[in-house]
Amino acid sequence: MAVTAKKRLAVVAVGGNALDQGGSPSIAGQAAAAREAMRHIAAMVAGNWSVVVTHGNGPQIGYLLRRVELALSELHSVPLDVCGADTQGATGYLFVRELSGELLRLGICNRPVCLITQTVVDPADPAFAQPTKPIGSFMTAEAAARHAADDGWQVVEDAGRGWRRVVASPKPVKVVEAGAVRELLRLGHVVIACGGGGIPVAQGADGELTGIEAVIDKDRASALLGGEIGAELLVIPTAVRQVALAYGTPQQQDLDRITLAQAEQFLAEGQFAEGSMKPKIEAAVDFLRRGGQRVVITTPNLITAAIEGRDGTTICHS
């Protein structure tokens, strides 16, 4: 009898912008983008990987919040944690549907499952004292002042383009459904989880969970989940082929492979931009510190080559 090699476990963190077709996506456009992303996931499954797919939801939650704003004269408002749940379900459905088709085309019967996921945060996290994450649509100064007075929103002027609501982006502490993810993996499922970083919740002394008005960085949440389920690999698809030092300058240096110590050194030197590569490198460091073995960062079409060490940037212990 042939012996089947033990499957390796990876977390793949798909960006929410991957589904944002030019800033005004249709459902058909989002489905087409989801199909392209899931093609690479299917290739990993065919390569004997067990996979958990996480994803961002920045553009999607922005569109949902805009719908809520437009309907306020007739319908109730929707709190941010529930918006997060809505986008997890909608995006997860598209991922499950498109990944199922890709797997069937490869003759693989693994069934994807979307799990609505909650992520515990600390209400005392310093991020709550200084919210910095813009969400939703741009507003006039008058509309921003009205929301601040009536709804308690914190608002900022955004680079001359208008006013926006800002919320906290606290560090994730625990993924509530990590045990369920492990069990679904054991049963052979591909799992879509931690959409948008997970729904932010606070956990009381009695274990009761309460939704929090915040957003969680999906790369940080992916690193946390990867550590909790014992993943060996974290894949972070992004807009650039490789991580680079002095990015966008004549001195740009693309990085094929760096160690954990080098990644920490580059972070300390301020080599990576906030809101761009810095959070991805921070997530990579966190994942490796939690027991992960390797992180690869590259464009979605190069995932397979990057996993095989032929492209992208690899970050590992040594």
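Provide a single number: the residues in segment 91-146 that are of a type in the set (Ser, Thr, Tyr) and surrounded by 19 or more Cβ atoms within 10 Å (Cβ to Cβ).
Narrowing segment 91-146 to residues of a type in the set (Ser, Thr, Tyr): 91, 93, 100, 117, 119, 132, 137, 140.
Going one step further and asking which of them are surrounded by 19 or more Cβ atoms within 10 Å (Cβ to Cβ), we end up with 91, 117, 119.
Of the residues in segment 91-146, 3 are of a type in the set (Ser, Thr, Tyr) and surrounded by 19 or more Cβ atoms within 10 Å (Cβ to Cβ).
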* **Residue within segment 89-98 that is β-branched (Val, Ile, Thr) and not assigned by TED's automatic domain parsing to the domain that holds Ala13 present** => no
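Being without any contact (Cβ under 8 Å) to a residue 24 or more places away in the chain and either within 20 Å of Asp217 (Cα to Cα) or outside any helix (DSSP H, G or I) (or both): is that true of Gly107 here?
Values: without any contact (Cβ under 8 Å) to a residue 24 or more places away in the chain: yes; either within 20 Å of Asp217 (Cα to Cα) or outside any helix (DSSP H, G or I) (or both): yes.
So Gly107 passes the test.
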* Structure fact -> Of the listed residues (Ala71, Ala28), the one being closer than 30 Å to Gly107 by Cα and not polar (S, T, N, Q) is Ala28
* Quick one: Ala145 ticks every box in (1) at pLDDT 90 or above; (2) outside the structural domain of Pro112 (by TED's automatic domain parsing); (3) outside any helix (DSSP H, G or I) bar one, so which box is it? -> (3)
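When the residues of segment 62-88 are narrowed to those that are among the acidic types (Asp, Glu) and in contact (Cβ under 8 Å) with a residue 40 or more places away in the chain, which ends up farthest from Gly198 (Cα to Cα)?
Just the residues of segment 62-88 that are among the acidic types (Asp, Glu), to begin with: 69, 74, 81, 86.
Keeping just the survivors that are in contact (Cβ under 8 Å) with a residue 40 or more places away in the chain gives 69, 81.
Details: Glu69: 23, Asp81: 9 Å.
Among those residues, the one meeting the criterion is Glu69.
Do we find a residue being over 19 Å from the mean Cα position of the chain (by Cα) and either outside the structural domain of Gly101 (by TED's automatic domain parsing) or of a type outside the set (S, T, N, Q) (or both) anywhere in segment 214-237?
The answer is no, given that none of the residues of segment 214-237 is over 19 Å from the mean Cα position of the chain (by Cα) and either outside the structural domain of Gly101 (by TED's automatic domain parsing) or of a type outside the set (S, T, N, Q) (or both).
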* Criterion (out of contact with any Ser or Thr (no Cβ under 6 Å at 6 or more places or on another chain), not aliphatic (A, V, I, L, M) and not in a strand (DSSP E or B)) met by exactly one of Arg241, Arg220 -> Arg220
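Is one or more of the residues making up segment 267-274 part of a loop (DSSP other than H, G, I, E, B) and over 17 Å from Tyr247 (Cα atoms)? Let's see the steps before the verdict.
Initial filter on segment 267-274 (part of a loop (DSSP other than H, G, I, E, B)): 269-274.
Cutting the leftovers down to over 17 Å from Tyr247 (Cα atoms) gives us none.
Among the residues of segment 267-274, not one is part of a loop (DSSP other than H, G, I, E, B) and over 17 Å from Tyr247 (Cα atoms), which makes the answer no.
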* **Neighbours by Cβ (under 9 Å, 6+ apart or cross-chain): first from segment 262-286, on the phi > 0 side of the Ramachandran plot; second part of a helix (DSSP H, G or I)** => Gly270/Lys278
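Residue by residue, here is whether (1) over 17 Å from Thr91 (Cα atoms); (2) at pLDDT 95 or above; (3) of a type in the set (Lys, Arg); (4) outside the structural domain of Ser276 (by TED's automatic domain parsing) holds:
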residue: Val12; (1), (2), (3), (4): no, yes, no, no
residue: Gly16; (1), (2), (3), (4): no, no, no, no
residue: Leu19; (1), (2), (3), (4): no, no, no, no
residue: Gly23; (1), (2), (3), (4): no, no, no, no
residue: Ser26; (1), (2), (3), (4): no, no, no, no
residue: Ala31; (1), (2), (3), (4): no, no, no, no
residue: Ala34; (1), (2), (3), (4): no, no, no, no
residue: Ala37; (1), (2), (3), (4): no, no, no, no
residue: Gly47; (1), (2), (3), (4): yes, no, no, no
* Of everything in segment 124-137 that's at pLDDT 95 or above and part of a loop (DSSP other than H, G, I, E, B), which residue is farthest from Ala205 (Cα to Cα)? -> Asp125
* Asked: Restricting attention to segment 200-230, and to residues there that are of a type in the set (Asp, Glu) and within 23 Å of Gly292 (Cβ to Cβ), which single residue is surrounded by the most Cβ atoms within 10 Å (Cβ to Cβ)?
  -> Asp219
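The values are calculated or read from the model by the stated rules, or taken from the named source; none is laboratory data. The shown structure was predicted, so the numbers you read here are calculated from the model rather than taken from an experiment. All Cβ positions, even for glycine, are placed from backbone atoms using ideal geometry, and neighbour counts span all protein chains on display.
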